[in-house]
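Please read the structure below before turning to the comments.
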Amino acid sequence: MDRRKLLKSCALVVGFSFSGVPAAIGQSAAPARRSLALGEVDSFLALRNDGSAIIYSGKVDLGTGHRIAMRQMVGEELSLPVNRIDLIEGDSAQTPNQGPTAGSTGVMRGGVELRQAAATLREGLLALAAQRLNKPADSLTLNDGVVQSTDGARATVGELAGERPLNLKMNPKAPLKNPAQYTQVGHALPRPDIADKACGRHVYVHDFKLPGMLHGRVVRPPAVGAKVLAVDESSVAALPGVRVVRINDFVAVVSHDEWAALRAARELKVQWSESTPLVTDKGVVDWARRGPFLGHDTIVNKGDAAKLAALQNAPGKISATYVWPLQSHASMGPSCAVADVKADSATVWTASQASHRLVNSCAALLEMPRDKVRVIYLDGSGCYGMNGHDDASAEAAML
């Protein structure tokens with residue numbers, strides 16, 4: 001067969017091998033852990049027999065470099081190289097609820113908690129080693145998974161506490177390492193995700209797949225408050241494997257074939273009621289001024305308000321109005337989520353900045369107990385403030 005005939009008779013098939021998918025499904029294998037309470041070291045850290053460590057972070061990396069920063073902070077306190085530290089982030093079943101990752105507080109708050117947990121762990125390991133070696137704790141040092149005394153006696157982290165719960169309460173007074181001794185914090189270490197991102201190996205939520213997965217698309221109403229009057233399912237009957245989902249005024253389509261789902265969302269005939277269009281960006285200020293308002297709160301009350309009111313019409317008065325512009329909190333690509341919903345449990349993979357908070361929404365929508373819903377963070381197509389990742393997650397769970 002010549003080249004021209006070969007090209008005419010073949011379809012393009014592109015295969016991908018996502019090395020991160022097993023970790024995304026169950027995250028990495030980890031020692032048994034006792035608690036997710038914020039006051040427990042076990043909630044934040046675990047040790048393996050070989051002296052390596054696992055970080056459990058409720059805060060997630062939104063492109064902000066947390067994946068290296070968290071390792072640096074913990075590695076510094078434990079005197080452990082960052083390449084010997086794994087990170088599990090934003091998994092509601094494995095990480096403590098440190099609140100949403102927002103307002104640039106990931107390192108400022110979440111990292112500080114991890115650093116204190118690591119300092120507490122170092123203190124605990126030195127105490128255990130002191131008992132085991134019959135040496136004063138202040139004569140011991142911890143380095144790369146080994147506690148050693150000045151006379152050469154040593155005990156490994158695996159011998160002291162590896163692969164089992166630590167049962168240590170967070171000690172806010174556990175001494176932190178002197179910054180003058182830092183070897184990792186303050187140094188420009190390479191981010192662990194950049195190579196895979198540059199080479200197309202990194203698993204974004206859009207790449208994530210499950211066996212037998214359906215692709216879904218939501219059919220949006222033309223305006224706020226629109227009600228579904230009729231849905232003509234025959235309008236997409238010719239498309240392969242398409243099913244129409246309707247829950248009250250929520251309309252969507254699903255199919256094993258993503259292109260079929262995309263076409264069906266465009267071609268499905270839905271009759272909507274009359275509704276109110278969204279206010280445009282030019283009308284936001286007037287809309288906000290009109291109300292209605294449920295009430296008011298006094299934020300600041302100081303000075304002579306009556307005197308100020310009398311000056312409003314005084315000559316030479318300078319008046320100005322300042323408006324915070326409406327900005328789109330938009331990602332560089334579409335919001336996406338994957339949901340695996342069974343009769344008695346559900347798992348949602350999402351790029352949400354608040355995976356623990358999203359558990360509540362999904363549990364309510366699915367009418368499931370909160371402890372039966374698991375939310376796992378995967379990178380999305382960027383973020384800025386509140387975007388559509390949570391909405392897509394809720395919709396995926398419903399579908």
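The values are calculated or read from the model by the stated rules, or taken from the named source; none is laboratory data. Worth saying up front: this structure is predicted, and the values here are computed from it rather than measured. Methodologically, a virtual Cβ is constructed for each residue, glycine included, from the backbone with ideal geometry; neighbour enumeration extends over all protein chains shown.
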Report task. Please work out if Pro192 is touching a residue at least 12 places away in the same chain (Cβ under 8 Å), within 28 Å of Gly65 (Cα to Cα) and of a type outside the set (Phe, Trp, Tyr). Result -> yes
**Report entry** Members of segment 319-341 that are in contact with a Gly (Cβ under 6 Å, 6 or more places away or on another chain) and not hydroxyl-bearing (Ser, Thr, Tyr)
**Finding:** His329, Met332
Query raised in the report: Just a yes or no: is a residue in segment 15-37 at pLDDT 90 or above and not in a loop (DSSP other than H, G, I, E, B)?
Result: no
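Yes/no matrix, rows are residues, columns are (1) touching a strand residue (DSSP E or B) at 6+ places or on another chain (Cβ under 6 Å); (2) among the β-branched types (Val, Ile, Thr); (3) under 24 Å from Ala397 (Cβ atoms):
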{"position": "Lys227", "(1), (2), (3)": "no, no, yes"}
{"position": "Ser235", "(1), (2), (3)": "yes, no, no"}
{"position": "Val242", "(1), (2), (3)": "yes, yes, yes"}
{"position": "Phe250", "(1), (2), (3)": "no, no, yes"}
{"position": "Ala265", "(1), (2), (3)": "yes, no, yes"}
{"position": "Ala288", "(1), (2), (3)": "no, no, no"}
{"position": "Pro292", "(1), (2), (3)": "no, no, no"}
{"position": "Val300", "(1), (2), (3)": "no, yes, no"}
{"position": "Gly303", "(1), (2), (3)": "no, no, no"}
Query raised in the report: Yes or no: Ser361 in contact with an Asp or Glu (Cβ under 8 Å, 6 or more places away or on another chain) and either surrounded by 10 or more Cβ atoms within 10 Å (Cβ to Cβ) or not acidic (Asp, Glu) (or both)?
Result: yes
Report task. Find the helices (runs of 4 or more DSSP H) located wholly in segment 236-343 whose residues include 3 or more that are without any contact (Cβ under 8 Å) to a residue 24 or more places away in the chain, surrounded by 14 or more Cβ atoms within 10 Å (Cβ to Cβ) and acidic (Asp, Glu), and list them. Result -> none
Query raised in the report: Is it the case that Thr150 is polar (S, T, N, Q) and touching a strand residue (DSSP E or B) at 6+ places or on another chain (Cβ under 6 Å)?
Result: no
Report summary line: Filter segment 42-92 for residues that are touching an Asp or Glu at 6+ places or on another chain (Cβ under 8 Å) and charged (D, E, K, R); the one that is surrounded by the most Cβ atoms within 10 Å (Cβ to Cβ) is Lys59
Query raised in the report: Is it the case that segment 369-382 has a residue that's modelled with pLDDT under 95, within 22 Å of Arg67 (Cβ to Cβ) and either surrounded by fewer than 17 Cβ atoms within 10 Å (Cβ to Cβ) or in the same structural domain as Pro100 (by TED's automatic domain parsing) (or both)?
Result: yes
Query - Single match in Gln148, Gln131 (criterion: free of Cβ contacts under 8 Å to residues at least 12 places away in the same chain, under 17 Å from Gly51 (Cα atoms) and either out of contact with any Cys (no Cβ under 9 Å at 6 or more places or on another chain) or of a type outside the set (Phe, Trp, Tyr) (or both)) - result: Gln148
**Report entry** Selected residue (only one of Gly216, Gly225, Gly200 is closer than 30 Å to Ser275 by Cβ and either hydroxyl-bearing (Ser, Thr, Tyr) or under 23 Å from the mean Cα position of the chain (by Cα) (or both))
**Finding:** Gly216
Query - In segment 93-119, residue farthest from Asp371 (Cα to Cα) [restricted to those that are of a type in the set (Ser, Thr, Tyr) and crowded, with 23+ Cβ neighbours inside 10 Å] - result: Thr101
Requested in this report: Find the residue count for segment 373-399, including only residues that are β-branched (Val, Ile, Thr) and more than 18 Å from Tyr204 (Cβ to Cβ).
Outcome: 1
Report task. Please state which one of Thr120, Thr150, Thr156 is at pLDDT 90 or above, of a type in the set (Ser, Thr, Tyr) and more than 20 Å from Ser35 (Cβ to Cβ). Result -> Thr156
Report summary line: For segment 210-233, the count of residues that are surrounded by 13 or more Cβ atoms within 10 Å (Cβ to Cβ) and not acidic (Asp, Glu) equals 13
Query - Filter pass, Glu159 being of a type in the set (Asp, Glu) and more than 20 Å from Glu76 (Cα to Cα) - result: yes
